[in-house]
Structure formats: C-alpha cells, structure tokens
Amino acid sequence: MSRALPKYDKRRVAFVGGAAAVALSGTVIAGFALAGESGQRAETARTLAGPGTISCPDVTGQLPAIPASAQAEVDRNLAQLQTQIAEADQRLADTVGQGGSNFVQNAILGPLEDKRVAALNRIETAIGRAAAKPDGLEALAGCTLNADGAGAGADDGAGATPSEPAGADGDTGTGQDTGNGNAGNGEGSGANTEAGTITCPDVTGQLPAIPASAQAEVDRNLAQLQTQIAEADQRLADTVGQGGPNFVQNAILGPLEDKRVAALNRIETAIGRAAAKPDGLEAFAACTLTR
C-alpha cells in the first residue's frame, strides 16, 4: 500500500500548516511589537525619573575689576557658589520622587537662591572695601532646573513646580552664608503633619547700644525678622501634609535661617558704620518648630 496521503489529506495538512505558520508569525510580530512598546515605555520611565541638573547664571563674567586686596575673598565666595550648585545637584538626585508639587522649588532651588544671595553680597562687600562697590549681583542668584525629571521644566528660575520665589520678602541684602540651610536642628525636621508654630531666638535684647545714625536701618531689619517668622508660620500652615520626612526643615526652617542670617548681618553692618561692629549675631538665626 502506498504511504502517500490522499490529495484531500494533503490539502488539509497544507491548510493547517499554513494557518499555524500565519498564527506563529502573528505571535512573533506581536511579540516584537509588545517588546518595542515595552522598551519605549521603559525608556520613557527612565527619562521621567531623571533628576535633571541645576543651572545658575555666570557670576565671574559680571564682576568689575577686582582689587588685589579683595581677590582672595572674592575667589573664596566664587568657589562657594560652585559648591552650592554641586550640593544642590546632589540633593536633587537624592530626592527624586519625594515631596509634593512644590518640593524642588521649596527644598532645593529656594534655599540655593538664598545662599547665593549671601555669597554674592559678600563679593560686593569685599570689592567695595577697596573700590566702587558693585550693585545688583543678587539678580544672578536665581537658578533654574534643566529637567529630565517628571513634571520638571526650566521655567526661568521657578524650578520644576514654581511657588513663591525665594527671598520674596525682599531679603536680598548682605548676609553670611552659614551653609547650613539644610542642616537639621533637632526639631521640626519631620513631615508636616500638623502646623505648629515657629519659635526664633530674641535678637533685640542681644544688641549693643545702637548709634542714632544706624537706628532706622536696625529697626527695619528687626521688623524684617518678624515678617520672616510670620511668613514662615503661614507657609507651615499652608503646607500641612506635604513633603517627606525632612520637608519642614528643608522647605521652611532652613530657608528661614538663611534669611535671618542675612538680616542679622545687615544689623551688624549698620551698627559697625558708626560704632564697634557686633559679631556673632548669626548665632540667633536658627529657629525651631513647636507643635
């Protein structure tokens, strides 16, 4: 008996085999399509999760001729500006995915701007001791986020998610950058789950006799210190429930301390123009959170 299949059976085998081949091809094509889509999604996810980098205006090119006697101090502060950016970039990378909608502005770009204002003002002061004091360097303090991160965008210094600009209370005067805007003070460094109030050391009782020529400027800065506390208290109330474990310290107490350092330094400078300049008022800059 011949082992050859009948023609009908051959046609049936050919049809079934062809259908299987088509099905298999469809499966392979679908597999490639899904793999491509999955890969695209993975690439998108990696892009959205990137922290981005921080860009700040060039300062060196905006400086006038620097007197020899001021060169070392100016160089120190220019180096400090670079260190501040590097630290902010690192913090940006370390906090990807943390915080609420305003986290980048409140916890990174805002404090960075405050620190840059202080360093830029020190540069102005250093040059001004031996030559015409340059004004307006504070305009170079604001930085932007070159964003790879989710919801981030370079939007003229407002950061990934803009809120009020740092130093919006007009605190752009002289200041000593303690570099501790992000340092915890042992209190108030948790998530903002309840508002509480902010308590700061008394400054008025720590001042020496104030020369009459300095009284008005000292009074303005003392009033500014009170305004800063009131604004921080309001911000505390407005952000209840936002942020990660260090939100209060990073977004409220740290920036407040930087602003108080600047105001306290202005008080020292005002008194020092007509009498012995008091030192160490920066010790009264740090505030605590009372719940």
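The values are calculated or read from the model by the stated rules, or taken from the named source; none is laboratory data. Values in this document were obtained by computation on a predicted structure and should not be read as measured data. Here the Cβ is made from the backbone with ideal geometry for all residues, glycine too, and neighbour counts use every protein chain on show. Note: accessible area is taken over every heavy atom of the protein model, side chains too, but ligands, DNA and RNA are not part of it. Shrake-Rupley method; radii C 1.70, N 1.55, O 1.52, S 1.80 Å.
The table below lists the values:
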| item | result |
| --- | --- |
| Any hit, the stretch 260-280, residues being open to solvent by 60 Å² or more (accessible area, probe 1.4 Å), within 27 Å of ALA88 (Cβ to Cβ), in contact with a Ser or Thr (Cβ under 6 Å, 6 or more places away or on another chain) and not aromatic (Phe, Trp, Tyr) | no |
| Members of the stretch 62-93 that are assigned to a helix (DSSP H, G or I), among the hydrophobic types (A, V, I, L, M, F, W, C) and open to solvent by 40 Å² or more (accessible area, probe 1.4 Å) | ALA68, ALA72, ALA79, ALA86, ALA93 |
| THR239, sole failed condition from (1) open to solvent by less than 50 Å² (accessible area, probe 1.4 Å); (2) of a type in the set (Ser, Thr, Tyr); (3) at pLDDT 85 or above | (3) |
| Matching residues, the stretch 200-225, being surrounded by 13 or more Cβ atoms within 10 Å (Cβ to Cβ) and either aliphatic (A, V, I, L, M) or not in a helix (DSSP H, G or I) (or both) | CYS200, PRO201, VAL203, LEU207, ILE210, PRO211, ALA214, VAL218, LEU222, LEU225 |
| First in the stretch 275-287 and farther than 19 Å from GLN228 by Cβ, second anywhere and surrounded by fewer than 14 Cβ atoms within 10 Å (Cβ to Cβ), Cβ under 7 Å, 6 or more apart | PRO278/PRO208 |
| Residue count, the stretch 94-121 (criterion: open to solvent by 50 Å² or more (accessible area, probe 1.4 Å) and at pLDDT 80 or above) | 2 |
| Test: THR172 is open to solvent by 30 Å² or more (accessible area, probe 1.4 Å), in contact with a Ser or Thr (Cβ under 6 Å, 6 or more places away or on another chain), modelled with pLDDT under 90 and not in a helix (DSSP H, G or I) | no |
| Members of the stretch 49-81 that are within 14 Å of the chain's Cα centre (by Cα) and either farther than 13 Å from ILE123 by Cβ or among the aromatic types (Phe, Trp, Tyr) (or both) | PRO51, GLY52, THR53, ILE54, SER55, CYS56 |
| In the stretch 127-139, the residues that are open to solvent by less than 50 Å² (accessible area, probe 1.4 Å), closer than 18 Å to ALA263 by Cα and free of Cβ contacts under 8 Å to residues at least 60 places away in the same chain | GLY136, GLU138 |
